[in-house]
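Accompanying notes for the structure given below.
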Amino acid sequence: MKLLTLQAAAMAMAFTGAAATTPRAAHAQDLGLLIGTTAPNVTVTTLDGKSTDLSAYLGKTPTLIEFWATWCPNCKELEPTLKAMTARYGGRVQFVRIAVNVNESAGHVKAFVDKYDIPGHHYYDTSGDATTAYDVPATSYVVLIDRAGKVVYTGLGGTQDLDTPLARVLR
């Protein structure tokens, strides 16, 4: 059911524009996981088909997770920000990209990542479990998790200010 919601939201965004479907520009705490909750450990799939879980990141180092899709216009808009944040904070923050399982395949995602040289650790949400566990409202959803494994920021859309929460989590 959640995947159908994601697909409907993505189609609405594509046809009506992000501003029409993104509530109040979807700043932190407007949607998704509650700030202060423990980030869920879920199983995802590497782009070469191996199952893994997020425990490699959670509770060890600050981690930024983006739920995205190759067809998502907000994700494309957010990409330069994510590349800049990876360049600035990549040695101190793990950047995890989870492609949602809506109109995608792991092979298509891998080709896209390679073609556009998208940095970070890349996974595919084969079963939709990560999307459900993280209460993902739509693609371009970002979750920032601190060293203790707690959610400190959530946001949605192509124009998120990620520098402020990233700098804060590294203090």
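The values are calculated or read from the model by the stated rules, or taken from the named source; none is laboratory data. Since this is a predicted model, take the numbers as computed values, not measurements. Neighbour counts are summed over all protein chains in view; Cβ atoms, including those assigned to glycine, are modelled from backbone coordinates with ideal geometry. Ligands, DNA and RNA are excluded from the accessible area calculation, which covers all protein heavy atoms including side chains. Shrake-Rupley method; radii C 1.70, N 1.55, O 1.52, S 1.80 Å.
Remarks
- Residues of the range 107-125 satisfying the condition of being within 17 Å of Leu54 (Cα to Cα) and open to solvent by 50 Å² or more (accessible area, probe 1.4 Å): His121
- Among residues of the range 14-66 being modelled with pLDDT of 90 or more and out of contact with any strand residue (DSSP E or B) (no Cβ under 9 Å at 6 or more places or on another chain), the one that is least open to solvent (accessible area, probe 1.4 Å) is Pro40.
- One residue alone among Gly149, Gly128, Gly155 is under 21 Å from Lys83 (Cβ atoms) and open to solvent by less than 40 Å² (accessible area, probe 1.4 Å), and that residue is Gly155.
- Matching residues, the range 158-169, being surrounded by fewer than 19 Cβ atoms within 10 Å (Cβ to Cβ) and touching a strand residue (DSSP E or B) at 6+ places or on another chain (Cβ under 9 Å): Asp161, Thr164, Arg168
- Wholly enclosed helices (runs of 4 or more DSSP H) of the range 55-171 bearing at least 1 residues under 25 Å from Ile35 (Cβ atoms): 73-89, 129-133, 163-169
- Scan of the range 97-106 for residues that are open to solvent by 40 Å² or more (accessible area, probe 1.4 Å) and in contact (Cβ under 8 Å) with a residue 24 or more places away in the chain, ordered by number: Asn101, Asn103
- Test: residue in the range 71-93 that is in contact with a helix residue (DSSP H, G or I) (Cβ under 6 Å, 6 or more places away or on another chain), under 16 Å from Val44 (Cβ atoms) and not polar (S, T, N, Q): no
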